Amino acid sequence: MDSSFVTDADLPGPATRLGCGCHLHRRRRLSLGLLGLAASGAPAAALAQQPREGVDVGKNSGFAKLVPAEQVEQAAAQQFVQMQSQARQQRALAPDDHPQLVRLRYIAKRIIPYTKAWNRRAAQWKWEVILIGSPQINAFCMPGGKIAFYWGILQKLQLSDDEVAMIMGHEMAHALREHARERMGKSFATRGAIELGSALLGLGSTGYLAARMGEQLLTLTFSRDDESEADLVGMELAARAGYNPAAGVTLWQKMGAASKGAPPEFLSTHPAGSTRIKDIEANLPKVEPLYQRAPRPERRFEPPQPPAPSGANPPR
């Protein structure tokens with residue numbers, strides 16, 4: 001991999017958060033207390049109805065079932081490879097030993113074990129994390145666990161590890177909750193996508209289908225409900241991984257400050273910052289116990305240094 005890393009390359013790339021997902025309810029080991037209830041003759045149904053800890057965002061949309069998950073993930077993987085190739089050609093793909101990429105991968109490694117509670121397929125995903133040298137304030141997670149952060153979001157917002165975890169959890173949540181697959185399904189249902197439908201039924205080229213899906217993944221936008229849902233699920237994921245969910249408040253305060261003038265791509269379809277902060281604060285009591293019990297990260301990282309006046313590349 002090219003050891004140089006250009007941070008002022010304004011690369012074209014996905015400007016939206018992409019998603020995929022499944023299960024809401026987490027398999028939880030029975031505690032001794034529940035076993036005691038079972039031994040005393042408590043109905044099995046009562047045990048099964050024990051509320052899960054954490055946030056509640058309801059069931060997945062039925063529209064997602066109109067598009068096969070495997071095909072969406074395949075298209076995302078192909079698009080992700082193409083994007084990496086383009087960034088590498090422009091010397092804007094961070095090498096594996098770049099300190100900020102090491103940081104991102106460490107945080108992802110802590111969060112990933114908790115993703116399969118929201119989507120069984122996540123246990124088989126080949127998770128990847130890359131860092132692109134673009135000044136954009138943006139990040140995303142494609143279906144199948146393909147994560148990208150842009151240098152601008154780390155450097156311009158001077159994010160703490162807790163704030164990075166909140167963003168990463170948010171983007172993972174889009175994938176876990178099948179938001180991209182849902183949007184494709186709605187398009188298929190409401191617009192009568194004949195070409196896509198024919199391909200899904202085996203009447204078209206698989207390669208052509210993957211290309212079409214890849215194009216859609218680059219242009220999909222999520223609804224405000226999707227974004228609010230991703231905030232809550234992401235907050236829970238970060239808390240379980242040992243990152244302070246209250247960092248969501250400072251994160252969106254920073255986002256709000258950055259949005260003065262032209263809003264960053266990351267905020268293009270998101271709820272207003274004040275609404276988002278109120279929702280996060282209202283749900284903090286649901287996830288704070290998870291955070292208090294979670295093992296703390298053994299490593300902590302600093303945000304990248306502000307750019308030198310000359311616009312020099314970040315140190316490796």
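The values are calculated or read from the model by the stated rules, or taken from the named source; none is laboratory data. Everything quoted here is computed from the prediction, not taken from an experiment. We place every Cβ from the backbone using ideal geometry, glycine too, and count neighbours over all the protein chains shown.
Selection of the stretch 77-134 for residues being among the β-branched types (Val, Ile, Thr) and crowded, with 18+ Cβ neighbours inside 10 Å yields ILE107, ILE111, ILE112, THR115, VAL129, ILE130, ILE132.
Please go through (1) in a helix (DSSP H, G or I); (2) in contact with a helix residue (DSSP H, G or I) (Cβ under 9 Å, 6 or more places away or on another chain); (3) more than 30 Å from GLN74 (Cα to Cα); (4) at pLDDT 95 or above for PRO285 and return the number of the only condition it doesn't satisfy. Answer for PRO285: the failing condition is (2). Taking the criterion of being assigned to a helix (DSSP H, G or I) and at pLDDT below 80, the residues of the stretch 47-76 that qualify are LEU47, ALA48, GLY62, PHE63, ALA64, LYS65, LEU66, ALA69.
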